[in-house]
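Following this message is one structure expressed as structure tokens.
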Protein chains: 2
Amino acid sequence: MLIVQKFGGSSVANAEKIRRVAGIIADTYCEGHDVVVILSAQGDTTDDLLAKAAEINPDASKRELDVLLTTGEQISVALMAMALEKMGLPAVSLTGWQVGVHTDSDYGNARIRDIDTERIRRELDRRRIVLVTGFQGINKYDDVTTLGRGGSDTSAVAIAAVLKADKCQIYTDVEGVYTADPRKVPDAVKLDEITYDEMLELASLGAQVLHNRSVMMAQKYSLELEVLSSYVRKPGTLVKEVTKNVERMKISGIAKDNDVVRIAVVGLQDAPGVAFRVFKSLSNANIVVDIILQSFGKNATNDISFTVASSACEAAVAALEAAKESIGYDHINVDPHVSKVSIVGAGMVTSAGIATTMFEALYEANINIKMISTSEIKISVLVAEEDADSAVRAIHSKFFRR
Amino acid sequence: MLIVQKFGGSSVANAEKIRRVAGIIADTYCEGHDVVVILSAQGDTTDDLLAKAAEINPDASKRELDVLLTTGEQISVALMAMALEKMGLPAVSLTGWQVGVHTDSDYGNARIRDIDTERIRRELDRRRIVLVTGFQGINKYDDVTTLGRGGSDTSAVAIAAVLKADKCQIYTDVEGVYTADPRKVPDAVKLDEITYDEMLELASLGAQVLHNRSVMMAQKYSLELEVLSSYVRKPGTLVKEVTKNVERMKISGIAKDNDVVRIAVVGLQDAPGVAFRVFKSLSNANIVVDIILQSFGKNATNDISFTVASSACEAAVAALEAAKESIGYDHINVDPHVSKVSIVGAGMVTSAGIATTMFEALYEANINIKMISTSEIKISVLVAEEDADSAVRAIHSKFFRR
């Protein structure tokens, strides 16, 4: 079998952890498999490099930031090769440009265009363990690029896809995908399987196990992913197209996202085109809006509330203020102390009463719902930030009561 | 003019120093010149990376060590580009593989074969300041290599040579080449000019201003080098083929080398072929011998003494012991507490009495000479390590008395 394994930055943060990961890789190799390993930069390396850059130039060009940051993964692959050599195993480290990970030129957030397989194949043919830098590639100018957030996951999935790997294992510091954050919800259950769509919803809701880009790419290439622990040797969670337990387990997970702000535009005219003008001004400023709620205000006016990521709040308010005359409203209200709590499940669409059960759980826990949003496989509610953890626990025990 | 500038690791050790160097580069660029800058890794970066490697595998392969170490210069060029961007200047960083510094495959000590000029020329044509990683290249397999000690100087000279640069400036933490180590000899004089040959002798004698490889390469391409300070803005020392002051100043410098061990092979037969067998056994073990002295021992035997670099001592003794039967000697004597003190000068060959003056200085200082070696432009003496500094001062004041 050809197995692609990816280890994140915390899994290779120091010599001891590198040795532990080398053990996992060695076991896989010694079972007779071909092994390609994708590594992130060690622990805080990326942050340290960014701090160095910020000290010299807080507005450094993205091209040079990428030149700087790509050193992080290069250090990781070299050290891992040394750890494997120490075990007497043949290993070779390769960077993004050596492999030929071709990307566009969007420095800092590049997209992979294609990946050469020749060099990796040649090394595998020589029975070497191939260690590839995650997160990075080169553009058509032969300049280095980075893939942005979740880049190493994306590298791993893309390389597994072009190599037509039999397995793509994403090693993390959790044991798999859980029905809720196990640090917050003691009776959270590890899922054996989850669909791509469910995983996408959970990832976008802040579950932080797999980055969306990598899940979407795996779905596109029908590549089965396994999320498992670098620390505990047991099966993790398979991410795949169809899972066996869709019917049995109606929802597959609960996620919480604190990185959200509610903005209310108060005192809008009750006339056609008002909502359009509100959201047009936001989309013109490239702001992604999440949950939307329209409600009646005083004196025949309307209020429109919506949520955006915290980082977009300032720009959203600025865009609305700039368009105040053309939109016509009384004032803007910003509430940063909110959290989005969501349940996700491919089985939801065929099951009645899921939403009801969720709202019942919140009612019993005396938690006020500020906004609601639903999709085919997701129901999200906005609650006060201070209520978020107890909301997750209440919903979890309602659905996963054993 | 096209000016190549090289800055060592201590000159770019932190943000403040990077800004200072950026100022030097900016001034050169703003005078209207094309500027190519070669940088070493920051301060202790290389040592830190080596420590990381040693923790994981003290016998790491040289290929992987090179992958690891080349990140150091990559960080330097990215940070310098950011510093120049901050000043509003156009800069672009390039690694050894991006430039196309082609080397052989002797990882850790690679030799440059040829250098592509196309990418650098293209960037210069766009009026960009080009920042190139020193110390590194790629071999025919597209694997990264490092050039070994003094590699960044060599990179700078080689790049200046292929670009036919008008100037090649080597910035260091001293103001130029001195007649003696200014930290040890208070009245040491900075030289305006020095020949390649003199510089080579001084470098090999431990003057540590320029590495021999870079001087030899400059000589080969008749490239004039300027050694000057990163901290003080004034002219340094020109290293060139013929200097004006050869006749005036008979010797151009005094150097001390503590990294030397004297080995004596005692009780050799007084027969033909004995010296040959001694040095054959050493050259077979790749040991470079420096000063050689043959003297009469007791009972019609001979003693042969020679010096080697401290690092070669163990191997030299082992080689001699392995060949003890075929050579035929009584015992080996090792004296590590010796220093080599040398005077260098292209004018020496045309001046009588230089050696006499040197020996007179040592006699007056009551310093015992253990061995003597001379060449056309150099006279070296071996003295006790404890006498070395006063030997340098005594010789210096004899020659450079004002």
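Restricted to region A:5-16, and to residues that are assigned to a helix (DSSP H, G or I) and either away from every other protein chain (no Cβ under 14 Å) or touching a strand residue (DSSP E or B) at 6+ places or on another chain (Cβ under 9 Å) (or both), which residue is surrounded by the fewest Cβ atoms within 10 Å (Cβ to Cβ)?
Step by step, filter region A:5-16, then rank; the result is A:S10.
Within region A:230-242, is there a residue that is of a type in the set (S, T, Y) and in a loop (DSSP other than H, G, I, E, B)?
Scanning region A:230-242 turns up at least one residue that is of a type in the set (S, T, Y) and in a loop (DSSP other than H, G, I, E, B).
State the number of residues belonging to region A:335-358 that are farther than 19 Å from A:D290 by Cβ and in a helix (DSSP H, G or I).
Final tally of qualifying residues: 7.
B:S230 fails exactly one of the following numbered conditions: (1) under 30 Å from B:D187 (Cβ atoms); (2) at pLDDT 85 or above; (3) loosely packed, with under 15 Cβ neighbours inside 10 Å. What is the number of that condition?
Tallying (1) under 30 Å from B:D187 (Cβ atoms); (2) at pLDDT 85 or above; (3) loosely packed, with under 15 Cβ neighbours inside 10 Å, B:S230 fails exactly one: (3).
Another question, then. Quick check: anything in region A:378-393 polar (S, T, N, Q) and farther than 19 Å from A:T179 by Cβ?
For region A:378-393, residues polar (S, T, N, Q) and farther than 19 Å from A:T179 by Cβ: absent.
Still on this structure, I have one more. Can you tell me how many residues within region B:133-143 are surrounded by 15 or more Cβ atoms within 10 Å (Cβ to Cβ), over 25 Å from B:H33 (Cβ atoms) and within 10 Å of another protein chain (Cβ to nearest Cβ)?
Number satisfying all stated conditions: 2.
It is to be established whether one or more residues within region A:71-90 are in contact with a strand residue (DSSP E or B) (Cβ under 7 Å, 6 or more places away or on another chain), over 27 Å from B:M80 (Cα atoms) and within 8 Å of chain B (Cβ to nearest Cβ).
yes
Let me ask you something else. Is it the case that A:S214 is in contact with an Asp or Glu (Cβ under 6 Å, 6 or more places away or on another chain) and not aliphatic (A, V, I, L, M)?
The answer is yes for A:S214.
Also, I was wondering about something else. Within the set of pairs 6+ apart or on separate chains, which have a first residue in region A:262-286 that is in a loop (DSSP other than H, G, I, E, B), a second that is modelled with pLDDT of 90 or more, and C-beta atoms under 7 Å apart?
A:A285/A:A315; A:A285/A:A319
With the checklist (1) within 30 Å of A:L191 (Cβ to Cβ); (2) touching an Asp or Glu at 6+ places or on another chain (Cβ under 7 Å) in hand, flag the one item A:T301 doesn't pass.
For A:T301, the failing item is (1).
Further, regarding this structure: Scan region B:29-70 for residues that are among the acidic types (D, E), surrounded by 19 or more Cβ atoms within 10 Å (Cβ to Cβ) and more than 10 Å from every other protein chain (Cβ to nearest Cβ) and report the count.
Residues flagged as among the acidic types (D, E), surrounded by 19 or more Cβ atoms within 10 Å (Cβ to Cβ) and more than 10 Å from every other protein chain (Cβ to nearest Cβ) within region B:29-70 amount to 1.
Also, quick follow-up: Do the conditions hold for A:S380, that is, is it under 15 Å from A:D290 (Cβ atoms), in contact with an Asp or Glu (Cβ under 6 Å, 6 or more places away or on another chain) and buried (at least 17 other Cβ atoms within 10 Å of the Cβ)?
The answer is no for A:S380.
Could you look through region B:91-132, keep only residues that are within 12 Å of chain A (Cβ to nearest Cβ), of a type in the set (G, A, S) and within 20 Å of A:T95 (Cβ to Cβ), and pick out the one that is surrounded by the fewest Cβ atoms within 10 Å (Cβ to Cβ)?
Per the criteria, the residue is B:G100.
Report, by residue number, each residue of region B:80-108 that is touching a Leu at 6+ places or on another chain (Cβ under 6 Å) and either β-branched (V, I, T) or farther than 23 Å from B:L147 by Cβ (or both).
Within region B:80-108, just B:A91 meets the criteria.
Now a separate question. Output the residue which, of all residues in region B:110-146 that are of a type in the set (S, T, N, Q) and assigned to a strand (DSSP E or B), is nearest to A:E118 (Cα to Cα).
B:T145
Scanning for something more than 23 Å from A:S229 (Cβ to Cβ), hydrophobic (A, V, I, L, M, F, W, C) and under 24 Å from the mean Cα position of the chain (by Cα), does region A:30-49 turn up at least one residue?
Checked region A:30-49: at least one residue is more than 23 Å from A:S229 (Cβ to Cβ), hydrophobic (A, V, I, L, M, F, W, C) and under 24 Å from the mean Cα position of the chain (by Cα).
The values are calculated or read from the model by the stated rules, or taken from the named source; none is laboratory data. Given the structure is predicted, the values throughout are model-derived calculations rather than measurements. Positions of Cβ are generated from backbone atoms using ideal geometry, with glycine treated the same way; all protein chains shown enter the neighbour counts.
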